[in-house]
Amino acid sequence: MIALILAGAMLQTAPPASPPTAPSSVQPFDQARLTAAARLIDLLQIDRTLDAMFVQLAPGFGQSVLGILATNPQTKAAIDKLVTEAPENRDRMVAILGQEFVTSVKRQYPGFKRQMAQEYATAFTLDELTAISGFYSSGPGAKALTLIPQLQAKMSVAGQAMGRLAGEEAGRRAFERIEQEMLPEMKKRPAA
């Protein structure tokens, strides 16, 4: 029962995206370009990039779905019972939902990579695809492929810290402005 409600909730929260319209300058591609694009996609190690992204999103997915289930009258009792029996069950449910999300999204990789190869084959000529692949096969390009995920991870942590600081500052300044801009006006209004 929970699975059916979960599926319905996910359909409601994630409407299917419509495909973007292609630019008018798009040229049809041949099999050689598609093969070169697929080779480039493999070189770029897209699976590794997707894994890192979706593993990071999994806990948030689990929390969101659990939140939806906890507010749905048909699943709330079951969620409440599990959490009441053992409070750590909440974290376990979030983890299970996140794991299943990652497992499910990984099944989508082959189709995504085929679509990505088609987009690259449309956007780049065969010579361009070959040159890009050549770069990523070279010393600096291969080094970039190795280091970029590590750099992105470091910058993700730095970005989170930056966002936290900005949020604190924005909250403090917003409340200062609210007091300055809104409270004097509210004091001038006649009492209702």
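Tabulate in residue order the Karplus-calculated ³J(HN,Hα) for segment 145-157, using 6.51 cos²θ - 1.76 cosθ + 1.60 with θ = phi - 60°, rounded to whole Hz; enter x for Gly and Pro.
The phi angles translate into 4, 6, 8, 4, x, 5, 5, 5, 4, 4, 6, 5, 4 Hz.
Find the centroid of the Cα atoms in segment 36-57 and in segment 65-129, then give the distance between the two in whole Å.
The distance from the Cα centre of segment 36-57 to that of segment 65-129 comes to 17 Å.
Please turn the phi angles of segment 95-106 into ³J(HN,Hα) values with the Karplus equation 6.51 cos²θ - 1.76 cosθ + 1.60 (θ = phi - 60°), one per residue in order, whole Hz, x for glycine and proline.
Per-residue couplings from phi come out as 5, 5, 4, x, 4, 5, 4, 4, 4, 5, 5, 4 Hz.
Each residue of segment 29-42 in turn: what ³J(HN,Hα) in whole Hz from Karplus with 6.51, -1.76, 1.60 and θ = phi - 60°, glycine and Pro shown as x?
Going residue by residue, I get 10, 9, 4, 5, 5, 5, 5, 5, 5, 5, 4, 5, 4, 5 Hz, with x marking Gly and Pro.
Coordinate-derived values only; no laboratory data. Bear in mind that the values here come from a model prediction, so they are computed numbers and not experimental data.
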